[in-house]
Amino acid sequence: MTSKNIPEDIKSKSIKETKEEINKILEKIEKDSTNLESHTNDYDRLLKLNKHIDELFKKRLKEINSLGKKNVKK
């Protein structure tokens with residue numbers, strides 16, 4: 001899944017907001033005793049949220065690494 005497959009409403013979320021939505025969906029799935037097949041949309045949303053949060057962490061890691069390199073050069 002590429003970032004262009006991630007809807008804009010997800011792309012605009014912060015790490016905290018993404019984590020909160022992931023937790024809500026997981027709680028819903030855990031509480032609901034129905035078959036997991038009925039949660040196809042939830043599962044798809046979780047995959048997109050997970051991809052988004054992964055990209056946010058990678059972006060932060062690059063920022064941290066670049067700051068570290070700048071501090072080493074000083």
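The values are calculated or read from the model by the stated rules, or taken from the named source; none is laboratory data. Here the structure is a predicted model, which means the values were calculated and not measured. Cβ placement follows ideal geometry from the backbone for every residue including glycine, while neighbour counts extend to all protein chains displayed. The protein model used for the area step is the full one, side chains on, heavy atoms only, and it has no ligands, DNA or RNA in it. Shrake-Rupley method; radii C 1.70, N 1.55, O 1.52, S 1.80 Å.
Pairs LYS11/LYS59; LYS4/LYS70; LYS4/LYS28: which exceed 22 Å Cα-Cα?
With Cα atoms farther than 22 Å apart: LYS4/LYS70; LYS4/LYS28.
For the chain, take the longest principal axis of its alpha carbons; what is the angle in degrees between that and the long axis of helix 15-31, to the nearest 10 within 0 to 90?
20 degrees
What ranking of LYS4, LYS11, LYS58 comes out by heavy-atom accessible area, probe 1.4 Å, highest first?
LYS4, LYS58, LYS11
May I ask you to rank ILE64, ILE29 by accessible area, largest first, using a 1.4 Å probe over the protein chains only?
Solvent-accessible surface, decreasing: ILE64, ILE29.
Students often get this wrong, so try it: which of [x] 14.1; [y] 13.1; [z] 15.3 is Kirkwood radius over Cα pairs in Å as calculated from the structure shown?
Label of the calculated value: [x].
Against the longest alpha carbon principal axis of the chain, how many degrees, from 0 to 90 and to the nearest 10, is the axis of helix 40-73 turned?
10 degrees
Ignoring ligands, DNA and RNA, please state the percent of accessible area on the chain from carbon and sulfur, probe 1.4 Å.
Carbon-and-sulfur percentage of accessible area, whole number: 53.
Roll a 1.4 Å probe over the protein chains and send me the accessible area per residue for the chain in Å².
82 Å²
With charges only on Cβ, +1 for K and R and -1 for D and E, what is the dipole size of the chain about its Cα centre, in debye, rounded to 20?
Roughly 960 debye for the chain.
Give the residue from LEU46, ILE6, GLY68 lying farthest towards the positive end of the charge dipole for the chain; charges sit on Cβ (+1 for Lys and Arg, -1 for Asp and Glu) and the dipole is referred to the Cα centre.
Result: GLY68.
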